[in-house]
Amino acid sequence: MLMPSVKPLGELENASEFIARHIGISEADETHMLSVIGEASRRALIDSIVPRSIARSAGMQLPPATTEAAALAELKAIAQKNKLYRNFIGQGYYGTHTPGVILRNILENPAWYTAYTPYQAEISQGRMEALVNFQTMVTDLTGMAIANASMLDEATAAAEAMTLAKRSVKAKGNTIVVGGDCHPQTIEVIQTRAKPLGLTVKLANSAAEWAEALQGDDYFAVLAQYPSTSGRIDDLRADVQTVHAKQAAFIVAADLLALTLLVPPGEFDADIVVGTTQRFGMPMGAGGPHAAYMACRDEYKRSLPGRLVGVSVDAHGNPAYRLALQTREQHIRREKATSNICTAQVLPAVVASMYAVYHGPQGLKRIAQRVASYTAVLARGLQQLGWTLTSDSAFDTLTVKAGDQATAIMAKALSKGANLRLSWGEYVSMSLDETTTREDIALLWSVFAKDAQALQHLRKGRGAADPGRAATHQRLYDAPGVRQPPQRDRHAALHPQSVRQGPGAGPQHDSAGIVHHEAQRHQRDDPHHLAGIRGRAPLRPGRPAAGLQGTGRAAAGLVVPGHGLRRHQPAAQRWLSR
Amino acid sequence: MCQATGYAGISLQPNAGSQGEYAGLLAIQAFHASRGESHRNICLIPSSAHGTNPASAQMVGMTVVVTKCDDNGNVDMVDLKAKCEQHSANLAAVMITYPSTHGVFETTVKELCALVHQHGGRVYVDGANMNALVGVAAPGEFGGDVSHLNLHKTFCIPHGGGGPGVGPVCVVEDLVPFLPGHATGGVKSGVGAVSAAPLGNAAVLPISWMYIRMMGADGLKHATEAAILSANYISKRLADHYPTLYASANGHVAHECILDLRGFKETSGVMAEDVAKRLMDYGFHAPTLSFPVANTLMVEPTESETLEELDRFIDAMIAIRDEIRQIENGTWPQDDNPLKNAPHTAATVLSSAWQHPYSREVAAAAASNPVNTKYWPSVGRVDNVYGDRNLFCSCVPVSELAD
């Protein structure tokens, strides 16, 4: 037997181990520091600083400190109370795969996650490059002139869009018209924000109400969800014209993944576009954190809220990033500031931008096409089972008018480990995403199937390939041969290696580079790729937006008439008849 | 969080400090409205407050009335009293930061809270400086009615380069019914939702939970004391080189100190920004620049830095002070010296066309920075004005990359 320790067991167990890890000052250091300050003890120092009149009456009532291992075990025990179901709720939150390379090199890399807001530009170039990537991704996909470096969530971004519109438009009204088919949490936050500002929120709960509201003269802005929360894809072009005729602003809350297939709002002249980037690699996380985005037309850029990274030049005339237009912010303008937002969602924004880098434009589009195809397949099956869908257009979300069977369907879904979404007591919605599998489609069919036989029939895929009937999703988009989502060379735009530097030193710490190369390994000799990694980007001063506008117009020629949405049924048919 | 602040209720919904502030003011507003006093819309804010305070007050439709600070940077109680009396019937709230943004524990805070309460107003204590309070003093005990916390400042959520943060809002008993609701998420309240998700940035909350669980009450209090100790150590050791702008009567500061660099403009043309940039050559990201006072540096070391790191920072600041002296005595011209040209890139230091009146070794701070921690930036000093005049916020297009 070993010699028993002279130390008490409690000391060896060292429950307060973490305190010494967290606090940098050792006991010996403390003595030295106190002598420099001229105080006898830490207690004496604190007593000489904190006014006696406000000192705590008693200590905090908290459980005693425990070790990291024990605390983690407790945390896991709590987490295990969660029931993990397949989520088809949608409503702005979708399943996504965080690429391992992003998880390891960004989300779990302290060089990225511990950094402060990049106030000192020269020491923060790598992070700001990632944020410029984010801004570029957003402007590319929305078709807008400018985007900021993230907002807190889609709902607050929509509320900020409302106040941006109020500041910017000529219309004198105090009303914002909000489509009732926006995400309910977005409507709620807009209502909260509007009230103290004396703004009225007019909810349009039907197409008729929407059309009527748009004819009014009392509004300064309208908000529509694209695609809507129930899954519909509206052609908003005529509405934008109507709203602009009233000198009001058109705000679109848009899904970035859908925008790889749909006509971007910037191309039908929307004024402000907001949304979440959650499905670009950030887990749902019970609601956050995720980066939202906000993009607007060029005329509004100087009152765009939030942090904005811009390209400038350094003392040697080379391009360099820094936070732009800081004078808009509250630390300068105080009560006249455009917003109170300071800290945003930089780390999730970096993840989203790297997700786009990782997949590249073709990869993003493939994911979107897969989601749309699964949705079409799911829709076809639900119709064959005799259900009525509320819309003949969809990207990832379907809504079934389930009537008095809605509750039973929800219960059946839960019994099968699936979360669906119930609205207005009689509508059941479900959303698909990057993580959706064939098994998920079968699962959803089984929820809606009235008997096993019908389900079996569908799983064999027989009888589903009637082209005439499959045309219900005719507004879904058919990818081949149609406009590519990039409005310029996005392959390069999403991978600018102009200023190659991660937050650490040296190429081995260049996380952006690691992600980039992992994604691009198979095409390293591609000329565009090589152009992208050329040493340094010579910025052409004086015509900053030239590259954007020129290519934007060229791309516009590729937009198909009729909103750019095309027939989609072939993929669904192929799969069903397999 | 309630234990740390001394409040009765909390909402984790706000996903940043700004949203917590907004939710807190909404609670105050809803409280007044519930008592038939919707006319109370004046929000008193000391001139030293962070700009987010007035911006948030404006967002809830309150009218901001700015109160003065005295020469020591403290809230001018005479002016505050006068404004309270003037606006007594319409006083909604006062927003203070404690300890103050000037880094001082004001001795009159209890009196201030009582005064505002006397006039029917509620006291918002901005939690930005809770790092100096946890375990030591609680806003809910000394007169605060509402505070938001910044979990990314005080409870260990890493800053992420500018988020995610969490800005929970804590309130006293009678304001609990006015914490934010979330109908979509099933949270009932007289006040609406302030975030998309009912628990805001829920997925990072376990970080703060772990921190609290591993520190316990004693550890958290120790952390506060260590933060105060470190700030005072820096202030004291730099006193002969850079005076601390504001301190309490006995010369001590709270958990941060404002180093006054304003005198150098006259003697050498050096601005605080030049010192901030030069710090990169010594391997530091500069502390807060020009807040809350222009042309100063505000240092908040926190409890986590080791003595070695504190000394490294202090030694760098002293070495930079010596460099400023060489500008003051004319050795280097005001427009061509290691501070104005900072930060130095590898390309400039390696260039065979070196034409500055100081050596490359000085440029790289090689002699005065023996541990050789210089950060080699990929770019030199960035021109902010140029970028704002020629605003460009996307990746440089590939067509621009072609020669």
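Structure above, values below:
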| read-out | value |
| --- | --- |
| The listed residue being within 30 Å of B:Thr108 (Cα to Cα), outside any loop (DSSP other than H, G, I, E, B) and acidic (Asp, Glu), out of A:Asp29, A:Asp47 | A:Asp47 |
| Contacts under 7 angstrom Cβ, first residue in the stretch B:215-228 being over 15 Å from A:Ala71 (Cβ atoms), partner of a type in the set (Gly, Ala, Ser) and crowded, with 24+ Cβ neighbours inside 10 Å, 6 or more apart | B:Thr224/B:Ala132; B:Ala227/B:Ala132; B:Ile228/B:Ala132; B:Ile228/B:Ala254 |
| Test: residue in the stretch A:5-14 that is touching a residue at least 24 places away in the same chain (Cβ under 8 Å), more than 10 Å from chain B (Cβ to nearest Cβ), open to solvent by less than 80 Å² (accessible area, probe 1.4 Å) and on the phi > 0 side of the Ramachandran plot | yes |
| Which listed residue is more than 12 Å from chain A (Cβ to nearest Cβ) and open to solvent by less than 20 Å² (accessible area, probe 1.4 Å), from B:Gly103, B:Gly120, B:Gly51, B:Gly127 | B:Gly127 |
| Filter result for B:Arg312 (within 27 Å of A:Gln125 (Cβ to Cβ), assigned to a helix (DSSP H, G or I) and of a type outside the set (Ser, Thr, Tyr)) | yes |
| Scan of the stretch A:320-331 for residues that are more than 7 Å from chain B (Cβ to nearest Cβ) and part of a helix (DSSP H, G or I), ordered by number | A:Gln326, A:Thr327, A:Arg328 |
| Helices (runs of 4 or more DSSP H) enclosed by the stretch B:333-403 - at least 2 residues per element that are at the interface with another protein chain (Cβ under 7 Å from one of its Cβ atoms) | B:384-389, B:398-401 |
| Answer from B:Leu229, B:Leu199 - the residue that is at the interface with chain A (Cβ under 7 Å from one of its Cβ atoms), in contact with a Leu (Cβ under 7 Å, 6 or more places away or on another chain) and under 23 Å from B:Gly167 (Cβ atoms) | B:Leu199 |
| All positions within the stretch A:159-186 that are in a helix (DSSP H, G or I), surrounded by 24 or more Cβ atoms within 10 Å (Cβ to Cβ) and either free of Cβ contacts under 8 Å to residues at least 24 places away in the same chain or not small (Gly, Ala, Ser) (or both) | A:Glu160, A:Met162, A:Leu164, A:Gln185, A:Thr186 |
| Yes/no for A:Ala55 being more than 7 Å from every other protein chain (Cβ to nearest Cβ) and of a type outside the set (Lys, Arg) | no |
| Some residue of the stretch B:169-190 being touching a Lys or Arg at 6+ places or on another chain (Cβ under 7 Å) and within 10 Å of chain A (Cβ to nearest Cβ) | yes |
| Selection count where residues are more than 7 Å from chain B (Cβ to nearest Cβ), closer than 21 Å to A:His359 by Cβ and part of a helix (DSSP H, G or I), scope the stretch A:127-146 | 9 |
| Some residue of the stretch A:208-226 being hydroxyl-bearing (Ser, Thr, Tyr) and open to solvent by 20 Å² or more (accessible area, probe 1.4 Å) | no |
| The listed residue being in contact with a Gly (Cβ under 8 Å, 6 or more places away or on another chain) and surrounded by fewer than 24 Cβ atoms within 10 Å (Cβ to Cβ), out of B:Leu245, B:Leu238 | B:Leu245 |
| Residues of the stretch A:85-126 that turn out to be more than 17 Å from the chain's Cα centre (by Cα), more than 7 Å from chain B (Cβ to nearest Cβ) and free of Cβ contacts under 8 Å to residues at least 12 places away in the same chain, as a count | 4 |
| Of all residues in the stretch A:267-319 being basic (Lys, Arg) and at the interface with chain B (Cβ under 8 Å from one of its Cβ atoms), the one that is nearest to the chain's Cα centre (by Cα) | A:Arg307 |
| Residue under evaluation A:Val189, criteria (1) within 21 Å of B:Ala27 (Cβ to Cβ); (2) open to solvent by 50 Å² or more (accessible area, probe 1.4 Å); (3) aliphatic (A, V, I, L, M), criterion not met | (2) |
| The stretch A:87-126, subset aromatic (Phe, Trp, Tyr) and assigned to a loop (DSSP other than H, G, I, E, B), residue nearest to A:Met430 (Cα to Cα) | A:Phe88 |
| Count - residues of the stretch B:1-56 that are part of a loop (DSSP other than H, G, I, E, B) and under 11 Å from B:Pro180 (Cα atoms) | 3 |
| Filter result (of a type in the set (A, V, I, L, M, F, W, C) and within 21 Å of B:Gly200 (Cβ to Cβ)) within the stretch B:116-133 | B:Val125, B:Ala128, B:Met130 |
| Residues located in the stretch A:387-431, provided they are at pLDDT 95 or above, surrounded by fewer than 20 Cβ atoms within 10 Å (Cβ to Cβ) and among the small types (Gly, Ala, Ser) | A:Gly403, A:Ala406, A:Ala408, A:Ala411, A:Ser415, A:Gly417 |
| Top-ranked residue of the stretch B:267-325 - restricted to ones that are free of Cβ contacts under 8 Å to residues at least 12 places away in the same chain and among the polar types (S, T, N, Q), ranked as surrounded by the fewest Cβ atoms within 10 Å (Cβ to Cβ) | B:Thr306 |
| Selected residue (only one of A:Gly288, A:Gly231, A:Gly266 is in contact (Cβ under 8 Å) with a residue 24 or more places away in the chain, within 28 Å of A:Val346 (Cβ to Cβ) and open to solvent by less than 20 Å² (accessible area, probe 1.4 Å)) | A:Gly288 |
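The values are calculated or read from the model by the stated rules, or taken from the named source; none is laboratory data. This one's a predicted model, so the numbers in the text were calculated from it and none came from an experiment. Note: ideal-geometry Cβ built from the backbone for every residue, glycine included; neighbour counts use all protein chains shown. Heads up: the accessible areas ignore ligands, DNA and RNA and are worked out on the full protein's heavy atoms, side chains in. Shrake-Rupley method; radii C 1.70, N 1.55, O 1.52, S 1.80 Å.
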